[in-house]
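The values are calculated or read from the model by the stated rules, or taken from the named source; none is laboratory data. Source: prediction; values computed, not measured. So basically every Cβ, Gly included, is an ideal-geometry build from the backbone, and we count neighbours across all protein chains shown. Heavy atoms of the whole protein, side chains included, go into the accessibility calculation; ligands, DNA and RNA do not. Shrake-Rupley method; radii C 1.70, N 1.55, O 1.52, S 1.80 Å.
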Amino acid sequence: MSAPSVEVRGLTVRFGDFEALREVSFALPEDGKLVILGPNGSGKSTLLRVLLGLVAPTAGEARLFGLAPAEFPAQQIGYVPQVKTLDRTFPARALDLVANGISRSWPGFFGGGEKRAAEEALERVGAAHLARRPLGRLSGGELQRVYLARGLVRRPRLIVLDEPASGIDAVGEADMYRLLDVYHAETGAAEVMVTHDWEVAFHHASHVLILSGAQVAFGAPAAAMSADAMRRAFGHVGHDHAMRAHDEVHRHD
């Protein structure tokens, strides 16, 4: 039996007197797609930082395919940050940003093999025509494609996405999820995504984790996104379409 792609047991994280996460425990199957939901300040970003090996737990542990995050090979993780975090004045091209996902160095410091891999990754996400365009001339949707190419360039086993649809329009968002689905179908890679979009959680994920400092719910979307769990996390239910879809599933159980 293969190890879960992500396993968290009794995870607690404190920063001084502030408790960002408390007693979080879940296991995501090897090829699972996890969406993390919760209000601002609920610990979503802290959990991502633990999985990326950037924050050490105060108590409990996290494992990636059976290994501690610090032991898991960095090249097997593809990270897609929020688009809005990039300084658009940075003097680099789309190709440079993707190649940086391999070399971790900037323009002029990557070799021919890295250049070819970056070009192939851009082609895979339909952005080959953007390769030599300066980052400052990319739209939000174009930049998100480039970031996705950067996250996939090393063919990772685990993709970590932090609000990847932030700053792009609905068409670009739908296309991004389609590309992720294609990559998942080709490779069986696991996926962990933070988003505020309940509908994406309901329709895109195999599993949903709801946080509000502590763990509120974890499981298949229809089970985890119950009206009670959403109310406990957010203080309201809202998002009628997602809740109607939830109710429709339960009517046929």
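Running Debye on region 1-89 with equal point scatterers at the Cα sites and no solvent, what base-10 log of I(q)/I(0) appears at q = 0.11, 0.21, 0.23 Å⁻¹? Results for region 1-89 at q = 0.11, 0.21, 0.23 Å⁻¹ read -0.33, -1.12, -1.28.
Taking the alpha carbon gyration tensor of region 159-213, multiplying each eigenvalue by 5 and rooting it gives semi-axes of 18, 16, 10 Å, largest first. Each helix, a run of at least 4 DSSP H residues, gives -39500 (n - 2.57); summed and divided by the residues of the chain, these come to -11000 deg cm²/dmol at 222 nm.
Along the axis of the charge dipole computed for the chain (Cβ charges of +1 for Lys and Arg, -1 for Asp and Glu, origin at the Cα centre), the listed residues ALA205, GLN76, GLY10 are led at the positive end by GLN76.
So if a site counts as exposed when it's one of the trypsin sites (Lys or Arg not before Pro), its DSSP state isn't H, G, I, E or B, and it has at most 13 other Cβ atoms within 10 Å, what's the longest stretch of the chain without one? In short, 133-253. If you plug the beta carbon distance of ALA227 and TYR177 into 1/(1 + (r/R0)^6) with R0 = 25 Å, you get a FRET efficiency near 0.50. The residues HIS184, HIS204, HIS196, sorted by heavy-atom accessible surface at 1.4 Å with ligands and nucleic acids left out, run HIS196, HIS184, HIS204 from largest to smallest. For region 180-222, backbone nitrogen atoms closer than 14 Å to the point 7 Å from SER2 Cα along Cα-to-C-beta are found at 184-191. On full extension, the segment bounded by ALA56 and GLU120 gains 19.5 nm, given 0.36 nm per residue less the C-alpha separation. The length gained on full extension between SER206 and ALA74, counted as 0.36 nm times the residue separation minus their Cα-Cα distance, comes to 45.1 nm. Compared with the direct C-alpha span, the chain from ASP17 to THR187 gains 57.0 nm at full extension, assuming 0.36 nm per residue. Accessible surface for the chain, divided over its residues, is 45 Å² per residue with a 1.4 Å probe.
Charged side chains reduced to their Cβ positions (Lys and Arg at +1, Asp and Glu at -1) give region 1-72 a dipole of some 160 debye around its Cα centre. Placing +1 on the Cβ of every Lys and Arg and -1 on the Cβ of every Asp and Glu, with nothing else charged, gives region 41-199 a dipole about its Cα centre of roughly 560 debye. Computing semi-axes √(5λ) of the Cα gyration tensor in Å for the structure here picks out one of (i) 33, 20, 14; (ii) 44, 20, 12; (iii) 31, 21, 17, namely (iii).
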